[in-house]
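What follows is one structure encoded as structure tokens, with my remarks underneath.
The values are calculated or read from the model by the stated rules, or taken from the named source; none is laboratory data. What you see is a predicted model, and the numbers here were worked out from it, not measured in a lab. We place every Cβ from the backbone using ideal geometry, glycine too, and count neighbours over all the protein chains shown.
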Ligand SMILES: Nc1ncnc2c1ncn2[C@@H]1O[C@H](COP(=O)(O)OP(=O)(O)OP(=O)(O)O)[C@@H](O)[C@H]1O
Ligand SMILES: [Mg+2]
């Protein structure tokens, strides 16, 4: 098993005239937490979308776990072991916590028509089994939340929603977790809690790699083994947090003094 | 294990069930009298009474007891409701017109259950409900006249044909997102009626005769005898209509309370995120669309056999609109709400001639007001519970 889990080679994406991403090379090793940073509109979310099959890249390749997944459908990528959260939380608000997490568990659900309509006893067995798993997963974040598995997600505050979103991504036991601005819309204390959550998750799920997009530099400094900085769709720097923080090119990109 | 079902102790359970049964009996009695009421004043009085009762139910906590009865004694309650319906049918006995109205309501209810799988769960608005209903009815007409197929199979054929015609639409409906797929069904609805009107084989604007329902020597168009009394032949159709509505209810409810229901909800709420978690969006849409059209087609076939003469005018775009109005009024995804709304939308205009003329206008206004002030419908859908008597959190 190679040490490298994910690799971008010369990845690029054009939206009409806009070069959202340009010649992006990156490697993620197993068990590593990578911070992906850069000013607004620098192509961070686009790189997630290219990886997870939402858009097909205009150029370049994505390799994951030894296979070329360039241009694969979102479904295939998910089955290969990449799960994500979204920049603007994309939970199904009217559905319960349990339902939302089960959407992430979709690959293991038996969705056969006959099974669901007529084998109700077997279905019940599966529902109870997955309920226990989902509850345990949620309990790892908050015991209180685990006691409310059948509350609609729309009734929960932002931090709880983020947690549910992470649980939804984790229930499928992915090899790579993509977090797009997990601290957005949270208070200082909530953000601190969120970081503890993420570190705890990594410890619980041995070998999980995480790429985290974040504007909050404190989060990046505390969590990440490596950082990659994008600006106008190009990688301008990479290395440890101390290294990129000292990089004059990164400083000028953030301050906008070219 | 945290998982456990609540023990259903008899002395705890009995009062809820008793309350449930009393309410069912009261509604059945009311429905029976409502169907028989012949003066408009009496009808208006009864509508006012029902509105007051509905208001009172919320105030006295009766609704809590009712939902507890439905949750803890689902099977008994469902059987009781079906029995009550059968009683009403026999109590109406020789009354042709009320029985015809009741059966029409039950068939529209079946249609609305089908639409609910498409619209309420999956978010695909089907503005061609009346067309698929028509496909069922015309299938019944052609097959009863030109084949020796047993009528019970003709009902099934009505559903199958409706689903097949639906397959013609499936490509544009699945490919286009949101409102565009609604436009596709509107176009189909308009084209379908025009097609019937210019097609001589299908009787053109005059329409076609439909043969009766017959099964195992039971001819639905002959009057059944009950204890020496001759009943209306509509009793046959009403009984079968009740059975069909009950089956449709059961199927859609089981669909909703399953992984498939979850998949459909997810596709409705966020297609992109669904695909990111490996859901097959196309399969979900095809399944829901076909499932709904089968139910609609079967209801249409039975409708054709019952009224024995069908014409393009019964399957117009405005009828499709009424069907969608039922689903919106009842509450998207809420099956009991749909049942209630079907009664309101179909029965009320029949009983109040003033409404009959303006019913399209009236229900358009009602739907708009509903969407503005109570978008979740008369009886909002609850969070999914896969098995209503299973509550692992307590
Ligand atoms: N679907 C799209 N169509 C057209 N342009 C797009 C699309 N998605 C992104 N872009 C453009 O690509 C560029 C990069 O966008 P992206 O969302 O990747 O930025 P980001 O780094 O995630 O920024 P932010 O910090 O604001 O989330 C932006 O100029 C954006 O306008
Ligand atoms: Mg972004």
Filter region A:26-54 down to the residues that are within 16 Å of ligand 2 (Cβ to nearest atom), at negative phi and in a loop (DSSP other than H, G, I, E, B) and list them by number. A:39, A:40, A:42, A:52, A:54
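Is it fair to say residue A:9 is at pLDDT 90 or above, crowded, with 16+ Cβ neighbours inside 10 Å and within 15 Å of ligand 1 (Cβ to nearest atom)?
Working: at pLDDT 90 or above: yes; crowded, with 16+ Cβ neighbours inside 10 Å: yes; within 15 Å of ligand 1 (Cβ to nearest atom): no.
For residue A:9, the condition - at pLDDT 90 or above, crowded, with 16+ Cβ neighbours inside 10 Å and within 15 Å of ligand 1 (Cβ to nearest atom) - is not met.
Would you confirm whether or not region A:55-67 contains a residue that is within 16 Å of ligand 2 (Cβ to nearest atom) and assigned by TED's automatic domain parsing to the domain that holds residue A:21? Full working, then the answer.
Of all residues in region A:55-67, those within 16 Å of ligand 2 (Cβ to nearest atom) come to A:55.
Filter once more, keeping what is assigned by TED's automatic domain parsing to the domain that holds residue A:21: A:55.
So far as region A:55-67 goes, yes, one or more of its residues are within 16 Å of ligand 2 (Cβ to nearest atom) and assigned by TED's automatic domain parsing to the domain that holds residue A:21.
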For region A:157-212, what are the residues that are at pLDDT below 85 and closer than 17 Å to residue A:78 by Cα? none
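Residue under question is residue B:232, and the condition is that it be crowded, with 18+ Cβ neighbours inside 10 Å, within 24 Å of the chain's Cα centre (by Cα) and part of a loop (DSSP other than H, G, I, E, B); does it hold? Full working, then the answer.
Details: crowded, with 18+ Cβ neighbours inside 10 Å: yes; within 24 Å of the chain's Cα centre (by Cα): yes; part of a loop (DSSP other than H, G, I, E, B): yes.
Yes.
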Count of residues meeting criterion [assigned to a helix (DSSP H, G or I) and more than 8 Å from chain B (Cβ to nearest Cβ)] in region A:86-117: 7
Going through region B:183-227 one residue at a time, which ones are assigned to a helix (DSSP H, G or I), surrounded by 14 or more Cβ atoms within 10 Å (Cβ to Cβ) and at pLDDT below 85? B:204
As an exercise: evaluate residue B:148 against (1) over 24 Å from residue B:253 (Cβ atoms); (2) surrounded by 24 or more Cβ atoms within 10 Å (Cβ to Cβ) and give the number of the one condition it does not meet. (2)
Report yes if some residue within region B:274-288 is buried (at least 22 other Cβ atoms within 10 Å of the Cβ) and either under 14 Å from residue B:113 (Cβ atoms) or modelled with pLDDT of 95 or more (or both); otherwise report no. yes
Of the residues that make up region B:354-369, is at least one outside any helix (DSSP H, G or I) and surrounded by fewer than 15 Cβ atoms within 10 Å (Cβ to Cβ)? yes
Of the listed residues (A:74, A:83), the one being at the interface with chain B (Cβ under 7 Å from one of its Cβ atoms), closer than 30 Å to residue A:63 by Cβ and in contact with a helix residue (DSSP H, G or I) (Cβ under 7 Å, 6 or more places away or on another chain) is A:74
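Could you run through region A:234-254 and say how many residues are part of a helix (DSSP H, G or I) and either buried (at least 18 other Cβ atoms within 10 Å of the Cβ) or touching a residue at least 60 places away in the same chain (Cβ under 8 Å) (or both)? First the steps, then the outcome.
Within region A:234-254, the subset part of a helix (DSSP H, G or I) is A:241-246, A:248-254.
Remaining after also requiring either buried (at least 18 other Cβ atoms within 10 Å of the Cβ) or touching a residue at least 60 places away in the same chain (Cβ under 8 Å) (or both): A:241, A:244, A:250, A:253-254.
Number of matching residues: 5.
Would you mind stating whether residue A:66 is surrounded by fewer than 22 Cβ atoms within 10 Å (Cβ to Cβ), free of Cβ contacts under 8 Å to residues at least 40 places away in the same chain and at positive phi?
Working: surrounded by fewer than 22 Cβ atoms within 10 Å (Cβ to Cβ): yes; free of Cβ contacts under 8 Å to residues at least 40 places away in the same chain: no; at positive phi: yes.
For residue A:66, the condition - surrounded by fewer than 22 Cβ atoms within 10 Å (Cβ to Cβ), free of Cβ contacts under 8 Å to residues at least 40 places away in the same chain and at positive phi - is not met.
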